[in-house]
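Inspection log for the structure reproduced underneath, given as structure tokens.
The values are calculated or read from the model by the stated rules, or taken from the named source; none is laboratory data. Being a predicted model, the structure only gives us computed values, none of them experimental. FYI the Cβ positions are ideal-geometry reconstructions off the backbone, even for glycines, and counts take in every protein chain you see. Each accessible area value is taken on the protein alone, full model and side chains, heavy atoms only, with ligands, DNA and RNA left out. Shrake-Rupley method; radii C 1.70, N 1.55, O 1.52, S 1.80 Å.
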Amino acid sequence: MPTAADVAAARVNIAAHAIRTPLLKLNAVVRGVNIFVKLENLQPLGSFKIRAAVNALQTMQPQRLRHGVLTASAGNFGQGLALAAREMGIPAAVVVPDTAA
């Protein structure tokens, strides 16, 4: 499980790449429950996956990144990794199934 220190470090790692999205109270009546939504659709590419991709690249040792990164993805993580790698100047390849939308 990630520790509070891990979360704090990730926040620093992603600060230049992911935007701090608002947390809004949902206007719904559910007795005894407050529901909040996090507007991650405001992130670049419309997904929270940019956060994980950036943090993964930021925590890898630079010598491992010299040759680039590779992932298999049918969607948002592949897009997030490709964008993060481009912004950081790291070669990247994403293997996408033929059946992906």
Open item on the list: What are the pairs with Cβ atoms under 8 angstrom where one residue, in the range 19-38, is touching a residue at least 24 places away in the same chain (Cβ under 8 Å) and the other, located anywhere, is outside any loop (DSSP other than H, G, I, E, B)? Sequence gap at least six, or different chains.
Closed with: 19/42; 19/44
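Here is a yes/no grid of residues against (1) under 22 Å from residue 93 (Cα atoms); (2) touching a residue at least 12 places away in the same chain (Cβ under 8 Å); (3) open to solvent by 70 Å² or more (accessible area, probe 1.4 Å):
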residue: 12; (1), (2), (3): no, no, yes
residue: 45; (1), (2), (3): yes, yes, yes
residue: 59; (1), (2), (3): yes, yes, yes
residue: 62; (1), (2), (3): yes, no, yes
residue: 75; (1), (2), (3): yes, yes, no
TODO: Show the residue pairs that are 6+ apart or on different chains and have beta-carbon atoms under 6 Å apart, the first residue being within the range 84-101 and within 14 Å of residue 55 (Cα to Cα), the second being open to solvent by 50 Å² or more (accessible area, probe 1.4 Å).
DONE: 85/92
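If I filter the range 56-67 for residues that are over 23 Å from residue 6 (Cα atoms) and of a type outside the set (Lys, Arg), do I get at least one hit?
Among the residues of the range 56-67, at least one is over 23 Å from residue 6 (Cα atoms) and of a type outside the set (Lys, Arg), which makes the answer yes.
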Open item on the list: Looking for something open to solvent by 50 Å² or more (accessible area, probe 1.4 Å), in a loop (DSSP other than H, G, I, E, B), closer than 21 Å to residue 13 by Cβ and touching a Gly at 6+ places or on another chain (Cβ under 8 Å) - is there at least one such residue anywhere in the range 82-101?
Closed with: yes
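Considering only helices (runs of 4 or more DSSP H) fully contained in the range 1-65, which possess at least 2 residues that are among the aliphatic types (A, V, I, L, M)? Walk me through how you get there before you give the answer.
Values: elements: 4-14, 49-59, 62-65.
By residue number, 4-14, 49-59.
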